[in-house]
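*Asks:* Before I ask anything, let me first share the structure, which is written out below as structure tokens.
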Amino acid sequence: MCEGWSLEIGMAFRGSVLRRDISGQPTTWMARINSTGVGEFLEREIAMRRVEELIQSSMALVLHDWELYRAQKAKR
């Protein structure tokens, strides 16, 4: 059985949260962004929130850099 959640922003960011069941252990949720692990959480909602926070933070940096790029390009 598989259960999960994902958030994709264009081609830049792909976040996912997947349930991890290991016999005899509590169920955990594995969070990833662009195939890189960002943590293991006991609750799905916490894992989702962490992925969203990291993507939002990264998007702010991308948007800032994009505006700098556009400003430089406009000067040429």
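*Asks:* Taking the criterion of being modelled with pLDDT under 95, within 13 Å of the chain's Cα centre (by Cα) and at positive phi, would at least one residue in the range 26-49 satisfy it?
*Replies:* So far as the range 26-49 goes, yes, one or more of its residues are modelled with pLDDT under 95, within 13 Å of the chain's Cα centre (by Cα) and at positive phi.
*Asks:* How many residues are within 17 Å of the chain's Cα centre (by Cα) and more than 21 Å from Gly4 (Cβ to Cβ) when one looks only at the range 50-76?
*Replies:* Matching residues across the range 50-76 total 6.
The values are calculated or read from the model by the stated rules, or taken from the named source; none is laboratory data. All figures in this text were calculated on a predicted structure; none of them were measured in a lab. With ideal geometry, Cβ positions are generated from the backbone for all residues, glycine too; neighbour counts draw on all protein chains shown.
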